[in-house]
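Visitor: Before anything else, here's the structure in question.
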Amino acid sequence: MDRQDHTAVLAHFDRQLRRDVTSAERDGDVVRRSGADGDWSGVLWSSLRPETADAAISRQVRHFSALGRPFEWKLYSYDTPDDLGARLLAAGFVPEPEETVLVGEAAHMAGAVELPDGVRLEPVTDAAGVDLVAQVHEQAFGTSSDRLREQLLVQLAKDPDTLDIILAMAGDLPVCSARMERYPGTDFAGLWGGGTLAGWRGRGIYRALVAHRAGIAVAKGVRHLQVDASDDSRPILERLGFTALCTTTPYVYEP
């Protein structure tokens, strides 16, 4: 992707997935989503100046604290002011690891789904499947899956047509899970998860799940795939043709 294309795709991403999200609400120069129980809550976009940033941060803290729920401020590397991260820290936010925002053309990522012998892909459509996804998440990432499980159950109940959850199964053992969220009214779908059990890594399962989800995206008319990639998955995705747009750091506030 050349500089002109990069600038155009970043502007497209910023507009469709951050600034003009139909399910979000605007508070001055901040766009946020106040999710119901189980839904994601947080700040999607902001355009702040040094003289307005602290007041805007305080307003969001008061808003979500009144709702009694934690929230996430998604800070992107091009957001202003330049010291916004430091201001969030001073306000009591806790940063999680930085991720790289990658994008790729869905049509370029779709292709043959090559799996190791004995491994098959299964769609997840019910609570039993979500339990297996949560199991993979905890074993692959070493973190609690309680919030993820709750969010997936809510999404399956409310918007099943925008969510595809896939398990890679070796017999009765779930060895990898991944999902794709389609964003109606945009050209994007997000790839999430992609956790593989340690003993099953390096066998192409993650790549197969990318190709599988890309095929679904193409069939649904999605043009761009977007990933918030960890340092582990970024090299794999770049080899598949994804390009880095920017970086993002989730800042989490617990009331």
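Visitor: For residues that are within 18 Å of the chain's Cα centre (by Cα) and either open to solvent by 40 Å² or more (accessible area, probe 1.4 Å) or of a type in the set (V, I, T) (or both), scanning just the range 125-136, find the one that is nearest to R201 (Cα to Cα).
Guide: Start the filter on the range 125-136 by keeping residues that are within 18 Å of the chain's Cα centre (by Cα), which leaves 130, 133-134, 136.
Then drop every residue that is not either open to solvent by 40 Å² or more (accessible area, probe 1.4 Å) or of a type in the set (V, I, T) (or both), which leaves 130, 133, 136.
Values: V130: 21, V133: 17, V136: 13 Å.
For the range 125-136, the residue satisfying everything is V136.
Visitor: On to the next question. Only one residue in D82, D131 is closer than 26 Å to H12 by Cβ and acidic (D, E), so which one is that?
Guide: D82
Visitor: Oh, and also: With the structure loaded, tell me whether T143 is among the hydroxyl-bearing types (S, T, Y) and open to solvent by less than 40 Å² (accessible area, probe 1.4 Å) or whether it fails that test.
Guide: The answer is no for T143.
Visitor: Quick one: count up the residues across the range 61-117 that are under 23 Å from the mean Cα position of the chain (by Cα) and among the charged types (D, E, K, R).
Guide: The number of residues fulfilling the criteria is 8.
Visitor: Name the single residue, out of those in the range 223-253 being within 25 Å of V94 (Cβ to Cβ) and of a type in the set (S, T, Y), that is least open to solvent (accessible area, probe 1.4 Å).
Guide: The residue in question is T248.
Visitor: Kindly indicate the residue of the range 159-180 that is free of Cβ contacts under 8 Å to residues at least 24 places away in the same chain and closer than 19 Å to S23 by Cα and also most open to solvent (accessible area, probe 1.4 Å) among those meeting that condition.
Guide: Ranking the qualifying residues of the range 159-180, first place goes to D161.
Visitor: I'd like the full set of residues that are within 28 Å of A11 (Cβ to Cβ), outside any helix (DSSP H, G or I) and touching a strand residue (DSSP E or B) at 6+ places or on another chain (Cβ under 9 Å), limited to the range 183-219.
Guide: Once the filter is applied, which keeps residues that are within 28 Å of A11 (Cβ to Cβ), outside any helix (DSSP H, G or I) and touching a strand residue (DSSP E or B) at 6+ places or on another chain (Cβ under 9 Å), the range 183-219 yields Y183, T186, D187, F188, A189, G190, L191, W192, G193, G194.
Visitor: Before we move on, is R149 in a strand (DSSP E or B) and basic (K, R)? Reasoning before the result, please.
Guide: Numbers: in a strand (DSSP E or B): no; basic (K, R): yes.
When the stated conditions are applied, R149 does not pass them.
The values are calculated or read from the model by the stated rules, or taken from the named source; none is laboratory data. Predicted model, so just to flag it, every value in this text is computed and none were measured. Quick reminder, even Gly has a Cβ in these numbers, built from the backbone with ideal geometry, and neighbours come from all protein chains shown. Surface areas here come from the heavy atoms of the whole protein model, side chains and all, with no ligands, DNA or RNA. Shrake-Rupley method; radii C 1.70, N 1.55, O 1.52, S 1.80 Å.
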